[in-house]
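Undergrad: Submitted below is the structure of interest, expressed as structure tokens.
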Amino acid sequence: MNNEAIKELLYKMADDLLILGHRNSEWTGMGPLLEEDIAFSSMAQDKVGQSLALYQLLHQLGEQDPDTVAFTRNAGQFHNAIITELPNAEYDFSLVRHFLFDTADALRWQMLTRCAYTPLAQLAAKVRGELRYHTLHANTWIKKLGSATDESVSRLQHSLDELMPYALGLFEPSPYEADLIADGLFQGEAVLQQRWLAAIESVLAPTHLQLPDVVLIAPVVGGRQGQHSPHLQPLLDEMSEVFKIDPAAEW
Amino acid sequence: MVHSLDPRVGRLPTIGTPGMVVPKVPLDQLGTFEVFVQPKEGKPFQHEGIVHAPDLELAYVLAKETFTRRFTCTSLYVVETRHVYVSPTTEGGVSVAAVLPAITGPDGEPLSFELFMLPKRGKQHVHIGTVMATLPQEAMHRGFQQNLHGGKTVYNLWAVRTTDIRFTTPEEKELWLTLPEKKFRDAAEYKGGDKLKAFLEKQRP
């Protein structure tokens, strides 16, 4: 097994989940209705929990402990896709991001249930219930609001158009793509993107939303190599505030 | 307009209309749905509470985190509030069976109904079984005839058409797979009192 290849895969997944988990948790206490506030916060917590599990696998492969990895790196050392770090705006933006990201995330984990690196395959089997909920939540809202009123449709469409180039950045190929495929670790970003597109299309089909033509969109890439938007560093500063004052603090 | 990276600043609602005095707009409230939870395999479903939602499917989605994000859960279902039929309530050891009006109304094709009894005032309604009937009232009578209440005093009885319920599918049972590990959501597990005490001890000179 190519350790560098698996580490690269683990890092980008963990960083995606930690950063989006943190971003989505900013809605806690401010969700559009109480029940949705609770659901969105719970899913954010799930994401942070999944990132911890992945950082623990990395620790077993010789990387530093999860807290050090999560709280002491700078933006340039993070491998999350840029879509996960973009600041929240109106709720429609966060909901569409949740739909686009979680569809890809759930499919990635599903592919990893057959990963040759057993600890990751076991983790993928374990979190499948959480992922089922995340996609059920996203799909149900998108189907509902995607055919509800002129305002809900135009809001979602606007966010969809805005987020699509960033969503495509989730599938930025890894330098180890060939190794991952050859070693039976992961079927690759191209296969994932294809499945993702089919899944997105089938959810959007019964709605009034139009999927932008992906052939005409230039994906926003760079996140996997540590090239980020100006929005990531302020997020990291806030997230690591307590850790930097007292690394042993429990709260 | 304040520009800030903090999303909470940009999200503050606008209040009032410039140059005008206008009546306050009523709140846009969603309908309500009743939530039933099965805490453990083999245990009956019990009424856990109510959620606001735009439709039955979203009620299911929102009920999952509102009522089953702590403790244990193996299954969940929801029904629109207006689809729950409620018997008269009794007290002092008198069973609903004694005050239930006689069956009236035309005969029709029998449908499946779920029955939920209140075993004690202030407790939750608990599922006691399924009966075939044409009307909710008839379903309640059938429940007593079949002794679904096990001879206990029933203080209140609910009847719900089975087809009005959004159940958990067999595949969806995995939704609660990792729930037993989420102890951090349990206030008792967090031991807030101990943490506070330790902190205060540390502050003492």
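Undergrad: Restricting to the stretch B:168-205, count the residues that are hydrophobic (A, V, I, L, M, F, W, C) and in contact with a helix residue (DSSP H, G or I) (Cβ under 8 Å, 6 or more places away or on another chain).
TA: Within the stretch B:168-205, residues that are hydrophobic (A, V, I, L, M, F, W, C) and in contact with a helix residue (DSSP H, G or I) (Cβ under 8 Å, 6 or more places away or on another chain) number 5.
Undergrad: What do you reckon, is A:ASP65 touching a helix residue (DSSP H, G or I) at 6+ places or on another chain (Cβ under 6 Å) and at pLDDT 95 or above?
TA: yes
Undergrad: Oh, and also: Would you please name the residue that is modelled with the highest pLDDT, looking only at residues in the stretch B:186-205 that are away from chain A (no Cβ under 12 Å) and in a loop (DSSP other than H, G, I, E, B)?
TA: If we take residues in the stretch B:186-205 being away from chain A (no Cβ under 12 Å) and in a loop (DSSP other than H, G, I, E, B), then B:ARG204 is modelled with the highest pLDDT.
Undergrad: Check whether at least one residue in the stretch A:58-67 is under 12 Å from A:ARG23 (Cβ atoms), in a helix (DSSP H, G or I) and either more than 11 Å from chain B (Cβ to nearest Cβ) or touching a Cys at 6+ places or on another chain (Cβ under 9 Å) (or both), and report yes or no.
TA: no
Undergrad: Further question on the same structure: Check B:GLU138 against each of (1) exposed (fewer than 13 other Cβ atoms within 10 Å of the Cβ); (2) over 23 Å from the mean Cα position of the chain (by Cα); (3) free of Cβ contacts under 8 Å to residues at least 60 places away in the same chain and name the one condition it does not meet.
TA: (1)
Yes/no per residue for (1) under 20 Å from A:TYR133 (Cα atoms); (2) within 12 Å of chain B (Cβ to nearest Cβ); (3) touching a residue at least 60 places away in the same chain (Cβ under 8 Å):
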residue: A:LEU10; (1), (2), (3): no, no, yes
residue: A:ASP15; (1), (2), (3): no, no, yes
residue: A:ALA39; (1), (2), (3): yes, yes, yes
residue: A:GLN56; (1), (2), (3): no, no, no
residue: A:ARG73; (1), (2), (3): no, no, yes
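Undergrad: Can you name the residue in the stretch B:31-62 that is surrounded by fewer than 17 Cβ atoms within 10 Å (Cβ to Cβ), in contact with a Phe, Trp or Tyr (Cβ under 8 Å, 6 or more places away or on another chain) and more than 12 Å from every other protein chain (Cβ to nearest Cβ) and, of all such residues, is modelled with the highest pLDDT?
TA: Looking at residues that are surrounded by fewer than 17 Cβ atoms within 10 Å (Cβ to Cβ), in contact with a Phe, Trp or Tyr (Cβ under 8 Å, 6 or more places away or on another chain) and more than 12 Å from every other protein chain (Cβ to nearest Cβ), I get B:GLN46.
Undergrad: Could you tell me whether A:LEU185 is surrounded by 17 or more Cβ atoms within 10 Å (Cβ to Cβ) and either more than 28 Å from A:SER94 (Cβ to Cβ) or touching a Cys at 6+ places or on another chain (Cβ under 6 Å) (or both)?
TA: yes
Undergrad: Need the failing condition index for A:SER174 against (1) farther than 21 Å from A:ASP102 by Cβ; (2) among the hydroxyl-bearing types (Ser, Thr, Tyr); (3) not in a helix (DSSP H, G or I), just the number.
TA: Here A:SER174 meets the rest and fails (1).
Undergrad: Can I ask one more? Exactly one of (1) farther than 30 Å from A:GLY76 by Cβ; (2) small (Gly, Ala, Ser); (3) touching a residue at least 40 places away in the same chain (Cβ under 8 Å); (4) more than 14 Å from chain B (Cβ to nearest Cβ) is unmet by A:SER174. Its number?
TA: (1)
Undergrad: Here's a follow-up. Name every residue in the stretch B:142-185 that is of a type in the set (A, V, I, L, M) and within 12 Å of chain A (Cβ to nearest Cβ), in order of residue number.
TA: Selection gives B:LEU175, B:LEU177, B:LEU179.
The values are calculated or read from the model by the stated rules, or taken from the named source; none is laboratory data. Quick caveat: nothing in here was measured; it's all calculated off a predicted structure. A quick note on method: Cβ atoms are made from the backbone with ideal geometry, for glycine too, and the neighbour counts reach across all protein chains shown.
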